[in-house]
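Written out below as structure tokens is the structure these notes cover.
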């Protein structure tokens, strides 16, 4: 991937050789936090929703049935801090804030969607497997 | 099975569609529990580890650094009840229990692995994005 941002180069140079790639099986690897954010209950749904385009906070909340305002804000903050979601606030009354995927967020969202899509599509088989075997 | 249109989930609110396919955006859909199990902190690592072949409980515990015996047992039970993991106990002393992926589990594990692999491979870019911008 092309890197035009000198900050990225600088940050990357401070990473140890091991950090050229994360290792989810290593207890202290920061990749575990990223995994936690994108696979959190609401993280998955927010990423998939944003694949459909930019959303306002209230639109995301309506679409993601069951999420509280607090958890939606928390999850968006995680995804924003990982560089997956961009937040844009317009100086209008009433406040207007929009969320969208960054290019990096678009990539991870496609992986998350593939998993979510598999689960949705295979739910009948999974529920059949869940049924207790007859005596 | 791939859903290229995120809006299609809205169509799943009809009864007939729900019977054929899960809908993660619906609050009561059982697909949300399945998602929770496979994307739980240890679920991801266990599925990826089992892609490498059958494991004994102690092998899984060693490989999945940081997991407690209790959480490993709980996660394996979830994955077993979803039909993703098969448990085989051998009647020997000391007890010998092996875990492996079912064909359904192999499929979902490949999706989970694709996500895990993306995160590991892109960790440097993610950490660079996490770095606060200079003033």
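Every read-out reported here was derived from the displayed coordinates using simple, explicitly stated rules and does not represent laboratory data. Computed from a predicted structure; not experimentally measured. All Cβ positions, glycine included, derive from the backbone under ideal geometry; neighbour counts span all protein chains shown.
The spacing between region A:89-123 and region B:40-92, judged by their C-alpha centroids, is 30 Å. Tell me whether region B:22-130 comes out rounded, prolate or oblate; compute the Cα gyration tensor, take square roots of the eigenvalues as a ≥ b ≥ c, and use a/c under 1.5 as the rounded threshold. Judged from the Cα gyration tensor, region B:22-130 comes out oblate (a/c at least 1.5, b/c at or above a/b). In this assembly of identical copies, the label point of residue B:81 (Cα plus 7 Å along Cα-to-Cβ) is separated from its counterparts by 3.2 nm, sorted shortest first.
In nanometres and ascending order, the distances from the residue B:33 label point to those of the other copies are 3.3 (point 7 Å from Cα along Cα→Cβ).
Counting from the shortest, the label point at residue B:62, 7 Å from Cα toward Cβ, is 5.5 nm from the same position in each remaining copy.
Spin-label model, residue B:71 to residue A:98: label points 7 Å out along the Cα-to-beta-carbon direction sit 3.9 nm apart.
Label-to-label distance for residue B:113 and residue B:63 is 1.0 nm, based on points extended 7 Å past Cα in the beta-carbon direction.
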